[in-house]
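Structure record follows, encoded as structure tokens.
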Amino acid sequence: MTFKAWIKTITFYELVVGMRATMSHLLHYKPITMQYPHEKRALPDNYRGMLSLLRYDDGTEKCVGCDLCEAACPSRVIRVVSAEVPGEPTKRYSKEYYMDMTRCLFCGLCVDACPVDALGMTREYEWSVYDKRQLHLNKEQLLAIGDRSFPVREKQLELQHPNVAFFNVAFKHLPQKPD
Amino acid sequence: MTELSLRLAISFVQILAEMSIVMLTVAIMTLAERKVLGWMQDRMGPMEVGPYGILQPLADGVKLFFKEDIVPAGANKAMFALAPMLTMVVSMIGFAVIPFGPDMTLDIGGLTIKPFVVADINIGILYILAIASIGAYGIILGGWSSNSKYSLLGGLRSAAQVISYELNVGLAIVGVLLLSGSLSLVEITEAQAGGFWHWFVWGARPDGFFPIHTQVFAFVVFVIAGVAETNRIPFDLPEAESELVAGFFTEYSGMKFAFFVSAEYASMVLVSCVAASLFLGGWNAPYPGTIFEYIGLEQLAWIEHIVWFAAKVYFFLFMFIWLRATLPRLRYDQLMRFGWKVLLPIALANIIITAVTVYLFPRG
């Protein structure tokens, strides 16, 4: 042990350095804490939160019961029971629609898969519950989430051909409803 | 009213006052520890109860009071209940001999009492050492009676640690006893009056300034051993969270747990009081006399004395928190090696050197 190291040992030099570091943090106190329930972090624009089902501006559901979201979901969150619209054999809708949000990993693949943009990801994230079963959501609950999170709804395009209504977002060359 | 009952009543009032001051300090410490620790780690500490969380000790107390008292299966119920009481009582009664303020006397109904020390017995420091070692029994009992391996390991570690480091505390004190020639904390403190160069940590003779009798090594040994004896970080092996869950009070909950925690804080306060009295001049100001005396208010000088005593005690308490925020825990062999092979030789050498210097340069 050199003389210098010996002096450092008997004067607790390393200890003093550490104590000085903690003291400087005390004197230059800048907390990085966010007082969560009182102040909330600004969410990024592409935030992927709670899933929801959307409606057109006249209140009809967008969902056409095609099951593509169920096929796209990697963790099998979604279950769709598809059915014909009564009296209109060419149209289908989702008779029942369930989401088990305990399994959802918020990847957004279902939203990408949806051909009619019937699914949306909201900016809600405070969904902790005491009973896990409350996270097994049905169609009415998902529509309600969509209603409160997306107050501005897309217009239903009435002038387009019923056969392509299935893909009503992509066909811009077709006649549009005048504003 | 007979003289005896008056004496008892006065003592009771003194004990009550002292207990409430100590418990208040403990409550302040539980909050201050969390706040200061948070500030040192760029956090905020408790913020929810009251403005800036200042009512947190109250909320903790209410919560612990109404919490379910769980006794583990197979525990020795009597011992399990006795251990926290023993720890608490032992850490509280040590304060009886601590002089909080100057050695003045009051006459009440023909009785002469000392208002700032409950019991000015002539073996005060021995009393504190004896009481402090009983505290280890509470911890060992709590660890053994819980019928849990973590508790038992914590209790055993505590026994080994407290015994090893109490030796260092005792030996570090001897130098001070040589200088003051008394075991009474009041007389030890009075021997350090008249400026900081008369404090035993500096150790000038009563007529000089040169630190011929300095006890600074004893002071360092005492403070380190005191941290170890109160089971604080970096010597918190009996309750090492990452190894033993919570050590000897793993199985405790509710008020029993609160007793253990407040006993730990109370023994911190006790060690701080003893260190302040022995080495930093107790109630004495770091300058000769008091400011109140200079401006002609001798009867109020005790306020200044008490403020100085509180300042010294809180300095030590802050240092406890500061150490906790800085240092990691020692390994068990490091703890033992440091106690027996570093602190003990320093304390022994300090005794010899102090004895020689006191013999060669007597204190008048």
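The values are calculated or read from the model by the stated rules, or taken from the named source; none is laboratory data. Keep in mind the model is a prediction, meaning the values are calculated, not measured. Note: ideal-geometry Cβ built from the backbone for every residue, glycine included; neighbour counts use all protein chains shown.
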Review point. When only residues in the stretch B:36-59 that are touching a residue at least 24 places away in the same chain (Cβ under 8 Å), within 9 Å of chain A (Cβ to nearest Cβ) and buried (at least 19 other Cβ atoms within 10 Å of the Cβ) count, which is nearest to the chain's Cα centre (by Cα)?
Key: B:Val36
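Quick one: which residue in B:Phe257, B:Phe292 is touching a Phe, Trp or Tyr at 6+ places or on another chain (Cβ under 9 Å), free of Cβ contacts under 8 Å to residues at least 40 places away in the same chain and surrounded by fewer than 22 Cβ atoms within 10 Å (Cβ to Cβ)? Break it down stepwise before answering.
Details: B:Phe257 fails: free of Cβ contacts under 8 Å to residues at least 40 places away in the same chain.
Just a single option satisfies the conditions, and that option is B:Phe292.
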Review point. In the stretch B:60-84, what residues are surrounded by fewer than 14 Cβ atoms within 10 Å (Cβ to Cβ) and not small (Gly, Ala, Ser)?
Key: B:Val62, B:Lys63, B:Phe65, B:Phe66, B:Glu68, B:Asp69, B:Ile70, B:Lys77
**Study point:** Hits in the stretch B:318-329 (condition: more than 12 Å from chain A (Cβ to nearest Cβ) and touching a Leu at 6+ places or on another chain (Cβ under 9 Å))
**Key:** B:Arg329
Practice item. Examine the stretch B:200-208 for a residue that is over 19 Å from B:Phe361 (Cβ atoms), in contact with a Ser or Thr (Cβ under 8 Å, 6 or more places away or on another chain) and surrounded by 24 or more Cβ atoms within 10 Å (Cβ to Cβ), and state whether such a residue exists. Key: no
Review point. Out of the stretch A:24-38, which residues are more than 7 Å from every other protein chain (Cβ to nearest Cβ) and of a type in the set (A, V, I, L, M, F, W, C)?
Key: A:Leu27, A:Met34
Practice item. Residue by residue through the stretch B:316-335, note down the ones that are over 24 Å from B:Val274 (Cβ atoms) and touching a residue at least 12 places away in the same chain (Cβ under 8 Å). Key: B:Pro328, B:Arg329, B:Tyr332
Check your understanding: What number of residues in the stretch B:227-264 are modelled with pLDDT of 85 or more and small (Gly, Ala, Ser)?
Key -> 4
Review point. Given B:Ile128, B:Ile121, B:Ile163, which one is aliphatic (A, V, I, L, M), crowded, with 19+ Cβ neighbours inside 10 Å and closer than 27 Å to B:Leu185 by Cα?
Key: B:Ile128
Exercise for review: Give the residues of the stretch A:90-133 that are assigned to a strand (DSSP E or B) and either hydrophobic (A, V, I, L, M, F, W, C) or out of contact with any His (no Cβ under 8 Å at 6 or more places or on another chain) (or both), sorted by residue number.
Suggested key: A:Thr90, A:Lys91, A:Arg92, A:Tyr93, A:Ser94, A:Lys95, A:Glu96, A:Tyr97, A:Met99, A:Leu119, A:Gly120, A:Met121
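State yes or no: is B:Pro115 surrounded by 15 or more Cβ atoms within 10 Å (Cβ to Cβ) and assigned to a helix (DSSP H, G or I)?
Here the answer is no, as B:Pro115 does not meet what is asked.
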Review point. Based on what the data block shows, is B:Thr290 within 14 Å of chain A (Cβ to nearest Cβ) and of a type in the set (Val, Ile, Thr)?
Key: no
Point to revise | Considering residues of the stretch A:9-23 that are hydroxyl-bearing (Ser, Thr, Tyr) and more than 9 Å from every other protein chain (Cβ to nearest Cβ) only, the residue farthest from B:Leu323 (Cα to Cα) | key: A:Thr9
Point to revise | Test: B:Gly74 is within 14 Å of chain A (Cβ to nearest Cβ) and among the small types (Gly, Ala, Ser) | key: no
Point to revise | Condition met for A:Glu88 (acidic (Asp, Glu), loosely packed, with under 13 Cβ neighbours inside 10 Å and either more than 14 Å from every other protein chain (Cβ to nearest Cβ) or under 30 Å from B:Glu48 (Cβ atoms) (or both)) | key: yes
Exercise for review: For the stretch B:318-339, state whether one or more residues are among the hydroxyl-bearing types (Ser, Thr, Tyr), touching a helix residue (DSSP H, G or I) at 6+ places or on another chain (Cβ under 7 Å) and assigned to a loop (DSSP other than H, G, I, E, B).
Suggested key: no
